[in-house]
Amino acid sequence: ANQANLRAALPPGCWEEWASCRCCSRRCACISAAVLLGLAVIAAAVASAIVLGIPPRPPVNRYCTTAQNRSGFLCDDRVTCIPASDLCNGVKNCPSGADENPQMCADLPNNLPGNLIFRCGNPQFWIFIDKKCNYINDCGDCSDEIGAYADCPPCGPGWWSCMPVVFMYCACVPRCLCRDGQQHCSNWSDEYSCANKSCQ
């Protein structure tokens, strides 16, 4: 009855326009409610991120191979690959300084990627992976140079294979020490068999 009275009160041809406006108002109210609900969800997400903390970014794959064919650390630019021993040395070798990240360098070697360290025969000691198989006794027990765990190749061209008497060498001595009048090999082969070669 109210609708009939309203229709009668309106000028001719206005009923259809009034009815469509009423529908539009309902549609607009629904859209407004949906927008407000969406904004409320976004606001709640932002508030919870602030209160609970923004989740950390997933870890970046830092593995790369250096020019010396050793495992290295990939910088943030995803191009620069630095030797493992250049990490946490107080010098920024990566353009962004990622190699000196305080969080990574705070607890060595535990915060370093596993492929960048070598555990010595005594597991309390470790070295950077690029110091393994470099002919130098970096571990102090030669575990980084001798044995199946180290898996090092034979002495290179600038080195002489023998059992050294000098603590800093394990299975090779530099050829430039050959025939220098001092014993470096237990069998003296560095003085009688090895041909001298200039040190690089």
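Look at (1) part of a loop (DSSP other than H, G, I, E, B); (2) touching a helix residue (DSSP H, G or I) at 6+ places or on another chain (Cβ under 7 Å) and you find that Phe118 fails only one, number (1). Residues in the stretch 144-154 that are surrounded by 15 or more Cβ atoms within 10 Å (Cβ to Cβ) and of a type in the set (D, E, K, R): Asp144, Glu145.
Filter the stretch 94-115 down to the residues that are part of a loop (DSSP other than H, G, I, E, B) and in contact (Cβ under 8 Å) with a residue 12 or more places away in the chain and list them by number. Selection gives Cys94, Pro95, Ser96, Leu108, Pro109, Leu112, Pro113. Checked against (1) buried (at least 16 other Cβ atoms within 10 Å of the Cβ); (2) among the β-branched types (Val, Ile, Thr); (3) free of Cβ contacts under 8 Å to residues at least 12 places away in the same chain, Ile129 passes all but a single condition, namely (3). For the stretch 155-190, a residue qualifies if it is outside any loop (DSSP other than H, G, I, E, B) and open to solvent by 60 Å² or more (accessible area, probe 1.4 Å), and exactly one does: Ser161. Gln124 satisfies every condition listed in (1) of a type in the set (S, T, N, Q); (2) within 21 Å of Thr65 (Cα to Cα); (3) surrounded by fewer than 14 Cβ atoms within 10 Å (Cβ to Cβ) except (2).
The values are calculated or read from the model by the stated rules, or taken from the named source; none is laboratory data. In this text, all values refer to a predicted model and were calculated from it rather than measured experimentally. Backbone-built Cβ (ideal geometry, glycine too); neighbour counts: all protein chains shown. Accessible surface areas use protein heavy atoms only, side chains included; no ligands, DNA or RNA. Shrake-Rupley method; radii C 1.70, N 1.55, O 1.52, S 1.80 Å.
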